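Notes to accompany the following structure.
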Amino acid sequence: MRPNPSPPLRVGLTGGVGSGKSTVATLLARCGADVIDTDAISRRLTAPGGLAIDAIAQVFGHGYLTADGALNRPLMRTRVFANPDARHQLESILHPLIQRQALQQARLAQQAGSRCVVFEVPLLIESATWHHEVDQVLLVDCPVETQIKRVMERSQRDRPAILAMIAAQASREQRQQAADIILYNDGLSLDELAQQVQSIAVGFGLSSP
Ligand code: ADP
């Protein structure tokens with residue numbers, strides 16, 4: 001592997017649930033970015049045999065695991081929504097592991113000559129450490145009502161459950177204040193969104209697909 005003389009631009013991609021982060025991540029990948037999906041890392045860490053499983057069992061008990069040894073996500077979701085201390089405990093297990101693996105993936109991307117690494121991090125603004133690891137924060141923003149509508153369309157969750165999820169995350173204003181670039185994703189067709197992502201990608205030193 002040849003050493004990469006100039007390190008890649010490191011972008012933190014964030015936004016509330018349903019804002020369109022994953023859609024934007026896919027579009028950025030099409031423009032040549034190396035996207036690191038921290039949700040996917042989290043799912044691997046909490047799958048059977050995952051690196052976070054032992055710590056979760058120790059802190060929360062084996063009752064929070066499924067029969068095959070994965071994290072019981074619905075049960076844990078209920079627990080952490082009702083209990084902020086439990087949420088912090090879970091995050092203190094998962095977040096350092098997620099970040100370590102994401103940074104390891106970024107090093108591999110750099111060694112392979114990446115020009116731009118995009119970390120897709122839903123809770124980037126809430127984290128005390130992620131902003132040290134990125135050069136720019138790209139926020140996908142939309143009104144709360146749009147978030148609710150999109151999440152209802154793709155899941156079985158009802159409005160109160162979605163509102164509780166949104167309330168447990170940073171507010172729209174907090175995200176806007178922390179962002180370097182804000183991509184307003186409301187009232188845009190997917191083609192229009194793709195065009196906006198393309199011009200942002202050019203600013204990241206990437207070419208059009
Ligand atoms: P997030 O990753 O932030 O939760 P997603 O990228 O999964 O959000 O988007 C949520 C839903 O909204 C998806 O079904 C996606 O296809 C849809 N969506 C996002 N942006 C647009 C858009 N501009 N036009 C139409 N649908 C969109």
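The values are calculated or read from the model by the stated rules, or taken from the named source; none is laboratory data. Quantities reported herein were computed from a predicted structural model and do not represent experimental measurements. Here Cβ is always computed from backbone atoms with ideal geometry, including for glycine, and neighbour counts include all displayed protein chains. The accessibility values were calculated without ligands, DNA or RNA, using every heavy atom of the protein model including side chains. Shrake-Rupley method; radii C 1.70, N 1.55, O 1.52, S 1.80 Å.
From S22, S42, which residue is within 16 Å of the ligand (Cβ to nearest atom) and either of a type in the set (F, W, Y) or not assigned by TED's automatic domain parsing to the domain that holds S92 (or both)? Selected residue: S22, the only one of S22, S42 that is within 16 Å of the ligand (Cβ to nearest atom) and either of a type in the set (F, W, Y) or not assigned by TED's automatic domain parsing to the domain that holds S92 (or both).
The set of residues from the range 121-133 being of a type in the set (A, V, I, L, M) and either crowded, with 21+ Cβ neighbours inside 10 Å or assigned by TED's automatic domain parsing to the domain that holds P96 (or both) comprises V121, L124, I125.
Need at least 1 residues that are under 15 Å from T14 (Cβ atoms), within 16 Å of the ligand (Cβ to nearest atom) and in contact with a Ser or Thr (Cβ under 8 Å, 6 or more places away or on another chain) per element, so show me which helices (runs of 4 or more DSSP H) inside the range 136-209 make the cut, counting only ones lying wholly within it.
The helices (runs of 4 or more DSSP H) meeting that bar are 144-154, 172-178.
Of the residues making up the range 104-120, those that are of a type outside the set (S, T, N, Q) and either open to solvent by 50 Å² or more (accessible area, probe 1.4 Å) or in contact with a Leu (Cβ under 7 Å, 6 or more places away or on another chain) (or both) are R107, L108, A112, R115, C116, V118, F119, E120.
For the range 80-103, indicate whether the set of residues that are under 30 Å from D186 (Cβ atoms), in contact with a Lys or Arg (Cβ under 6 Å, 6 or more places away or on another chain), away from the ligand (no atom under 16 Å from the Cβ) and open to solvent by less than 70 Å² (accessible area, probe 1.4 Å) is non-empty. Checked against the condition, which is being under 30 Å from D186 (Cβ atoms), in contact with a Lys or Arg (Cβ under 6 Å, 6 or more places away or on another chain), away from the ligand (no atom under 16 Å from the Cβ) and open to solvent by less than 70 Å² (accessible area, probe 1.4 Å), the range 80-103 yields at least one hit.
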